[in-house]
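Undergrad: Dropping a structure here in structure tokens format, bear with me for questions.
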Amino acid sequence: MILPPPHPADGRLALTEPELVAWGERLGRAITAPLCVTLAGDLGAGKTTLVQAICRGYGVRDDVTSPTFALVHEYRGGPTVVYHLDLYRLKHPSELVPLGWDDLLSERALVVVEWPERAGEMLPAVPLAITLAHVPGEPGRRLLLTGGHAGATAFGGDDT
Ligand SMILES: Nc1ncnc2c1ncn2[C@@H]1O[C@H](COP(=O)(O)OP(=O)(O)OP(=O)(O)O)[C@@H](O)[C@H]1O
Ligand SMILES: [Mg+2]
């Protein structure tokens, strides 16, 4: 019988801000659109910081700021247009319809989405789902998780 390792959840990727930014810039350089990237995580987890790095790597020269009130910002300068959405203030997924959500996703664009869970069933299967989480006791580091959102709570992401 093959036993699992004794502490399968002990490993982690906890990055400082410069490390996270460097990672995001590399990701941005490697990305080919069309692609949707989601960034989940609590307030202040570093989602916008990471979006800024991804956009810089992708070639965007505009200021990348959180589109909290506009819900979507559009940037140029990279190989395709970039749509940056922040769904924090979305009250219901249906509010995505007047935003042109379906069109955004079917364009040959890079679409980055903060607070993707707010989109509910309107969220397509996302190939690159990132979660950032606070590290209890380490204010300068953030956990970087990929491949779904299930790990964040298990790693203590909601404790701060
Ligand atoms: N390792 C780290 N990675 C990212 N940000 C960090 C890190 N350490 C500290 N920070 C700080 O945490 C804050 C992250 O803010 P940011 O706006 O990127 O978060 P957010 O997840 O987009 O929040 P919100 O949900 O409010 O939009 C920044 O002030 C940043 O300087
Ligand atoms: Mg943000």
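Undergrad: Considering the dipole of the range 33-102 built from charges on the beta carbon (Lys and Arg +1, Asp and Glu -1) around the Cα centre, which of C55, L71, H92 is farthest to its positive end?
TA: Going by the Cα projections, it comes out as C55.
Undergrad: Check A109: other-chain or 5+ apart residues with amide H under 5 Å from its amide H, H built from backbone geometry?
TA: For A109, whose amide H was placed from the backbone, the distant partners under 5 Å are L35.
Undergrad: Taking the DSSP beta bridges in the chain as the whole, what percent of them are antiparallel, to the nearest 5?
TA: Numbers: 13 of 27 bridges.
Given both bridge residues lie in the chain, the antiparallel proportion sits at roughly 50 percent.
Undergrad: Let me ask another. In nm, to one decimal, how far is the modelled label at S106 from the one at D62, with both set 7 Å along Cα→Cβ?
TA: For S106 paired with D62, the spin-label model returns 2.3 nm.
Undergrad: Counting other beta carbons within 10 Å of each Cβ, put I54, I130 in order, fewest first.
TA: Numbers: I54 30, I130 25.
Listing I54, I130 from fewest to most nearby Cβ atoms yields I130, I54.
Undergrad: Here's another thing I want to ask about it. Please work out whether the range 46-119 counts as rounded, prolate or oblate from its C-alpha gyration tensor, where a ≥ b ≥ c are the square roots of the eigenvalues and a/c under 1.5 means rounded, while otherwise a/b larger than b/c means prolate and anything else oblate?
TA: Oblate.
Undergrad: What are the residues whose amide H is under 5 Å from the amide H of R141, where those residues sit 5 or more places off or on another chain and H is modelled from the backbone?
TA: V135
Undergrad: Considering amide H positions built from the backbone, and no H for Pro or chain starts, which residues 5 or more places from A40, or on another chain, come under 5 Å of its amide H?
TA: I130, T131, L132
Undergrad: What translational D, rounded to a whole number of µm²/s, comes out for the range 8-64 from Stokes-Einstein when the hydrodynamic radius is the Kirkwood one over Cα pairs, at 20 °C and 1.002 mPa s?
TA: Working: Rh = 12.2 Å.
Approximately 175 µm²/s, per Stokes-Einstein.
Undergrad: Around A109, with a cut-off of 13 angstrom between Cβ atoms, what is the net charge of the other residues, counting Lys and Arg +1 and Asp and Glu -1?
TA: -2
Undergrad: Next question. How big, on average over all directions, is the shadow cast by the Cα convex hull of the chain, in nm²?
TA: 10.8
Undergrad: When you count, for each residue, the other Cβ atoms within 10 Å and take the mean per peptide, how do 38-46, 16-24 rank with the highest first? The partial results should precede the final answer.
TA: On the way: 38-46: 20.0, 16-24: 16.1.
Most protected by this proxy first, the peptides run 38-46, 16-24.
Any read-out appearing in this document is the output of simple, stated calculations on the displayed coordinates, not a laboratory observation. Here the structure is a predicted model, which means the values were calculated and not measured. All Cβ positions, even for glycine, are placed from backbone atoms using ideal geometry, and neighbour counts span all protein chains on display.
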